Amino acid sequence: GWTSIPSEPINVVVTGAAGQIAYSLLYQLAAGSVFGPNQPINLRLLDIPVMMTVLDGVIMELEDLALPLLREITPTTDPNVAFKNVAAAFLVGSMPRKEGMERKDLLAANAEIFKVQGKALDQHARKDVKVLVVGNPANTNAWICSHHAPSIPKENFTAMTRLDQNRAQAALAARLNVSVDKVKNVIIWGNHSSTQYPDAAHATVNVQGSTKPVPSVVNDDNWLNITFVEKIQKRGAAVISARKMSSAMSAAKAAGDHMRDWWIGTKPGEWVSMGVLSDGSYGIPRDIVFSFPVAIENGQYKIVQELQINDFARSKLSNTSKELEEERTEANNVLQNK
Ligand code: NAD
Ligand code: LMR
């Protein structure tokens, strides 16, 4: 759990600090809901030169929160300053998807950012830094970043699929007419894209004090395998179509959830989904950042093993891992042609 001993501040970097997601994320960090109510933080806020005036305004608001855990605030356009001795990095900054775009379209626009930031992490960050990539295409950006930071262990680089997990949990709770906290262990496999596999086969729901498998309570395979899966796969696009901007409040909340669980751990018997470097578990190819269910203890995650994978799930896993292999090839092309 969170330490109760008041400690020295840690350095935390947020990139894309003048953007939409950061605007909601920074409050959670300053309020202590991610690193705990006793952990002071210094914030390093990275953005690009044209956004510095906007960032000044965000900093005024951070000061005006009057929150005691928030110590130094450093705005910068220089990755070498931003990543100095950071213990945690939220890599949010990048161009978001617009209506009609698929995540692949973002690779060309964003690959270079994550190469530069990987190098800066390698040179300046703590070697135990926990890196969460939010900027899309998140999985492949995390792969690019870790590739350019050879001195930092590969397991320190993760990509965010927690928003998909939260969406899936909320959708199941709505279907079962229970509050979200009653639903546990839904899994997001693969890419944070429309090929992801939101999997309720191992999820449980607590109904009137007793824990039951979600599939038996829903009792409708067609809904679970098609309607539910497509709803979660297309939720990001649905938000973009309605808001004309990509999800930000929910994305920021998910980023806080991801980092908090990585920092303080998951409860016994429970797991969360994170994009992590594949070690070959479940027959997934190595060397892609793939979302798996993980259990976390002492700041270290372990991929949950030995879940039953049926033929339907197997074909979904293979589809999304193929997309990630294609993105890796594409990323190599983009970076070589620079
Ligand atoms: P935004 O456009 O509001 O903010 C992005 C910020 O990044 C801008 O201020 C921009 O100036 C900055 N930026 C651009 N290049 C930069 C660089 N090289 N260094 C530092 N900062 C840079 O976008 P947003 O809504 O905050 O979304 C940010 C990213 O998060 C997008 O890629 C979006 O698609 C992604 N996203 C991911 C998830 C997920 O679940 N993984 C969910 C929602 C959004
Ligand atoms: C989301 O899932 O909402 C984000 O990744 C934005 C997008 O492009 O879908």
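Tabulated data for the structure shown
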| item | result |
| --- | --- |
| The stretch 182-338 - percent of accessible surface contributed by carbon and sulfur, probe 1.4 Å | 47 |
| Added length on full extension, which subtracts the Cα-Cα distance from 0.36 nm per residue, Asn222 to Arg286 | 19.9 nm |
| Mean ellipticity per residue at 222 nm, deg cm²/dmol - from DSSP H runs of n ≥ 4 across the chain, formula -39500 (n - 2.57) | -12500 deg cm²/dmol |
| Modelled FRET efficiency - R0 30 Å, Ala237 with Asn298, Cβ distances, 0.05 increments | 0.20 |
| Cα gyration tensor category, rounded, prolate or oblate, for the stretch 110-254 with a/c compared to 1.5 | prolate |
| Additional length obtainable on full extension of the chain from Ala66 to Asp105, 0.36 nm per residue less Cα span | 10.0 nm |
| Violating pairs (Cα-Cα greater than 19 angstrom) within the set Lys104/Lys302; Lys104/Lys322; Lys231/Lys302; Lys104/Lys154 | Lys104/Lys302; Lys231/Lys302; Lys104/Lys154 |
| Shape of the chain, Cα gyration tensor, a/c cut at 1.5 | prolate |
| Rounded percent of accessible protein surface that carbon and sulfur make up, the stretch 58-158, 1.4 Å probe | 53 |
| Cα gyration tensor category, rounded, prolate or oblate, for the stretch 205-305 with a/c compared to 1.5 | rounded |
| Accessible area in square angstrom per residue, the chain, 1.4 angstrom probe | 44 |
| Contact order normalised by residue count of the stretch 251-338, Cα under 8 Å, 6+ apart, percent | 24 |
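The values are calculated or read from the model by the stated rules, or taken from the named source; none is laboratory data. Note that the coordinates shown come from a computational prediction; the quantities given were computed from them, not determined experimentally. When we count neighbours, we look across all protein chains shown, and the Cβ atoms used for this are built from the backbone with ideal geometry, even at glycine. Just so you know, the surface numbers come from the protein's heavy atoms only, side chains and all, with ligands and any DNA or RNA stripped out. Shrake-Rupley method; radii C 1.70, N 1.55, O 1.52, S 1.80 Å.
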